[in-house]
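Inspection log for the structure reproduced underneath, given as structure tokens.
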Amino acid sequence: MPSPTRQYRHLLALAAAAALHGAALAQTAGLKPDVDTSVSPCADFNAYVNDRWVAANPLPADKTRWGSFDKLSEQSREAQRKIVEAADQGAEHARPGSIEQKIGWLYRSAMDESRIEKLGAEPIKPELNSIAALQTEADVVAWLRKIHANGQSIGFAFYAGADYKDARRQIGFARQGGLGLPTPDYYGKPEYEAVRKAYVAHIAKLFELTGAAPDAAAAKADAVLAFETKLAAASLSRVELRNPKNQYNFVTVAEADKVTPHFEWAAYFKSQGVKVDKGFSLSQPKFFAAFDAQLADAPVAQWRDYLAFHVIDGASTYLSKAFEDENFAFYDKLLNGQPEMSPRWKRALDAVNGAMGEGLGQLYVKDYFPPEAKARAQELVVNVRAALKERLEKLEWMSPETKQRALEKWATFLPKIGYPDKWRNWDGLKVSGDDFYGDMRAARAFNRHYSLAKIGKPTDRYEWSMTPQTVNAYYSPSTNTINFPAAILQPPFFYAKGDNASNYGGIGAVIGHESLHGFDDQGSQFDGQGNNANWWTTEDRERFDQRAARLVAQADDYAPLADHPDKHANGKLTLGENIADLGGLNVALDALLKADAGKPDPMLDGFSREQRFFMNFASVWASSIRDQAQLLRLNTDPHAPNGFRATAAPSNMPAFAQAFSCKAGDPMVRAEDKRVVIW
């Protein structure tokens, strides 16, 4: 998945994948419905399409969610496992310095449990000793510069991205961070008191594992929470961060120094090997003012506790079992409700993907992405984009002036399918194969410098921010690109030789979804060149906002958990994804009907073309989720719960009601004054 510090709109919250209902199907097949006939599609379309699959596919103990996406994710993992295991076995005979050798050694070091266990906390002792030696504010600042240069974003984040006012060039972005709990709300609201107590216990446990006495560890934990609480008070919420105005604040170095008089930015940039030219984005100045206040006011001892905790916590999945178990107990079990830890090979594979994801993708596409799949996908992209253009041209609520600008943006879309035209170079990354933490630290620093080296250079629209083996897709407003990795081009999204209804209801809706992100509440604030620029008349924007507000209300009304009826989806947080779902499904249906114009309805498996279209769309959202995980996602996930996604867009479309002979008053038929039509 794209980095959360960068503004991409993607299909899922997780880099998950999908599998078909029932038995595995060939690429030449299509949707094989297994509907629950005890439920009317007009009453609950999600239950009608997905309940039987959910009942037959219980949640595995090492998962917080299990659905169509997640099941194919496991298939993708198995494919990648074969690649990394073969790379491990052949590492000694591989070309020295090759991708195969580096991936083999990374996987080998991650799987060497006996050595990892023997080392315990030793790998991070040099960093902890350097923290223990800090005596002054200047020492703290110097240490932060050094740790950031090594790829650890403690305190705040800094990365490269397209300038919001001139997307042709890359600049630096400094962004709020430094918190260990999911959102700022967790630090103050009474409803999260139990989580805060568990967090303090987690912090204390990690200090004990590195040698602190219990009383000292508890005091350190209290100090860390107090420190982060002050940062949280100055941090923007997830909803606030969705506003581009809160994502970009261009300043000169001198202007930035006025916000943070105790943190010299020129020295920071020099330590990162970066030249910022005219300036950079100090994206959330209120946060950085609070960060600077901590430099001035917080005792150095408190800084030492804060920094040490984040070093330990960030390294815990690369250390011995005691550290891994504690990390799992808090982040996975307590926050997400996951009963069991994933097996070692999956965790090792995650580490390889984190270190060399695109390199692994280069090996993946050789075996798992046939050329004919790309050719058929390109055809679907052309057809769906043509349907979007026609829909834009026919919009009744938009003025000709704004419509022309929308069409200009449409014309500059760049679709990318499968994998990069030019692969990334991994020369210079040195891994050993016998030092897991050391190898991951080396990869982290290598990737950090690779990213920051883009600052001051032209933006590359052809670069990918998602690996080929990721079953997902994304839109980037700063490059105006829609991106479809190789791994999503398989059932149930895509059948290389399958029926059109299945393909347009699957990958067609995904293509539409990503394209419509260019016109959602955020993407619509960027022009075709990727600049954050207004291309709307005031009246048209007001009309758009009024329509979007009705979609916000629909999501706000959705309560996904029977045991927590007071917990609802967040319509403002999920608005962009919901606009993309609704617009994307409408566009995909238009494309299907045009592609099949004049052809007889095949009526496959007793279902019409339109029925199969809507059913395949809903089927990809089949899932079960643990209550804790869903509650966390309601606070953090810009994607609505899957049950809402399966039903919300269809319920706003008269074509759905017509396809299933639904009547006014049925739950899946929105009243005209409640129905949302935007694009």
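From the list Gly508, Gly530, Gly523, Gly512, pick out the single residue that is in the same structural domain as Gln490 (by TED's automatic domain parsing) and on the phi > 0 side of the Ramachandran plot.
Gly530
So how many residues does the stretch 81-102 have that are within 11 Å of Ala348 (Cα to Cα) and crowded, with 21+ Cβ neighbours inside 10 Å?
Going through the stretch 81-102 one residue at a time, the tally reaches 1.
With the structure loaded, tell me whether Val39 is at pLDDT 95 or above, closer than 30 Å to Phe656 by Cα and assigned to a loop (DSSP other than H, G, I, E, B) or whether it fails that test.
Yes: the conditions hold for Val39.
Considering each residue of the stretch 443-466, count those that are farther than 23 Å from Arg169 by Cα and crowded, with 20+ Cβ neighbours inside 10 Å, and give that number.
The total comes to 1.
Would you check which residues across the stretch 612-629 are in a helix (DSSP H, G or I) and either surrounded by fewer than 23 Cβ atoms within 10 Å (Cβ to Cβ) or not assigned by TED's automatic domain parsing to the domain that holds Asn503 (or both) and list them?
Once the filter is applied, which keeps residues that are in a helix (DSSP H, G or I) and either surrounded by fewer than 23 Cβ atoms within 10 Å (Cβ to Cβ) or not assigned by TED's automatic domain parsing to the domain that holds Asn503 (or both), the stretch 612-629 yields Asp627, Gln628, Ala629.
Pick from Tyr248, Tyr199: which is aromatic (Phe, Trp, Tyr), under 23 Å from Ser316 (Cα atoms) and either surrounded by fewer than 16 Cβ atoms within 10 Å (Cβ to Cβ) or in contact (Cβ under 8 Å) with a residue 60 or more places away in the chain (or both)?
None of the others qualify; the one that does is Tyr199.
Given the criteria among the aromatic types (Phe, Trp, Tyr), out of contact with any strand residue (DSSP E or B) (no Cβ under 7 Å at 6 or more places or on another chain) and not in a helix (DSSP H, G or I), does Phe227 qualify?
So Phe227 fails the test.
Look at Glu113 and say whether it is more than 22 Å from Ala266 (Cβ to Cβ), in contact with a helix residue (DSSP H, G or I) (Cβ under 8 Å, 6 or more places away or on another chain), touching a residue at least 60 places away in the same chain (Cβ under 8 Å) and of a type in the set (D, E, K, R).
yes
Within the stretch 469-501, take every residue that is among the small types (Gly, Ala, Ser) and more than 20 Å from Glu78 (Cα to Cα) and give me the one that is surrounded by the most Cβ atoms within 10 Å (Cβ to Cβ).
Out of the qualifying residues, it is Ser476.
Among the residues in the stretch 236-246, are any modelled with pLDDT of 95 or more and closer than 23 Å to Asp297 by Cβ?
yes
Pick from the stretch 326-343 the residues that are in a helix (DSSP H, G or I) and of a type in the set (D, E, K, R): which of them is nearest to Ala204 (Cα to Cα)?
If we take residues in the stretch 326-343 being in a helix (DSSP H, G or I) and of a type in the set (D, E, K, R), then Glu326 is nearest to Ala204 (Cα to Cα).
Under 6 Å by Cβ, and 6 or more places apart or on different chains, what pairs join a residue from the stretch 348-374 that is in the same structural domain as Gln490 (by TED's automatic domain parsing) with one that is of a type in the set (Gly, Ala, Ser) and surrounded by fewer than 20 Cβ atoms within 10 Å (Cβ to Cβ)?
Tyr368/Ala79; Glu372/Ala496; Ala373/Ala496
Provide a single number: the residues in the stretch 236-273 that are in a helix (DSSP H, G or I), of a type in the set (Val, Ile, Thr) and farther than 30 Å from Asn578 by Cα.
Result for the stretch 236-273: 2.
Out of Ala223, Ala167, report the one residue that is small (Gly, Ala, Ser), in contact with a helix residue (DSSP H, G or I) (Cβ under 6 Å, 6 or more places away or on another chain) and within 29 Å of Ser271 (Cα to Cα).
The conditions single out Ala223.
Can you say whether Thr229 is within 28 Å of Thr479 (Cα to Cα) and in contact with a Gly (Cβ under 9 Å, 6 or more places away or on another chain), as far as the supplied structure shows?
no
Which one of Gly188, Gly177 is within 29 Å of the chain's Cα centre (by Cα), modelled with pLDDT of 95 or more and within 30 Å of Glu264 (Cα to Cα)?
Gly177
Inside the stretch 147-162, can you point out the residues that are over 16 Å from Thr260 (Cβ atoms) and either outside any loop (DSSP other than H, G, I, E, B) or not assigned by TED's automatic domain parsing to the domain that holds Leu134 (or both)?
Ile147, Ala149, Tyr159, Ala160, Gly161, Ala162
Please enumerate the residues belonging to the stretch 274-293 that are of a type in the set (D, E, K, R), assigned to a loop (DSSP other than H, G, I, E, B) and farther than 16 Å from Arg145 by Cβ.
Residues satisfying the conditions are Asp277, Lys278.
Which one of these is surrounded by 17 or more Cβ atoms within 10 Å (Cβ to Cβ), among the small types (Gly, Ala, Ser) and free of Cβ contacts under 8 Å to residues at least 40 places away in the same chain: Gly523, Gly571, Gly518, Gly530?
Result of the check over Gly523, Gly571, Gly518, Gly530: Gly571.
What's the total number of residues in the stretch 344-372 that are surrounded by fewer than 16 Cβ atoms within 10 Å (Cβ to Cβ) and not in a helix (DSSP H, G or I)?
Result for the stretch 344-372: 1.
The values are calculated or read from the model by the stated rules, or taken from the named source; none is laboratory data. Being a predicted model, the structure only gives us computed values, none of them experimental. Don't worry about glycine lacking a Cβ; one is built from the backbone with ideal geometry, like all the others, and counts go over all protein chains shown.
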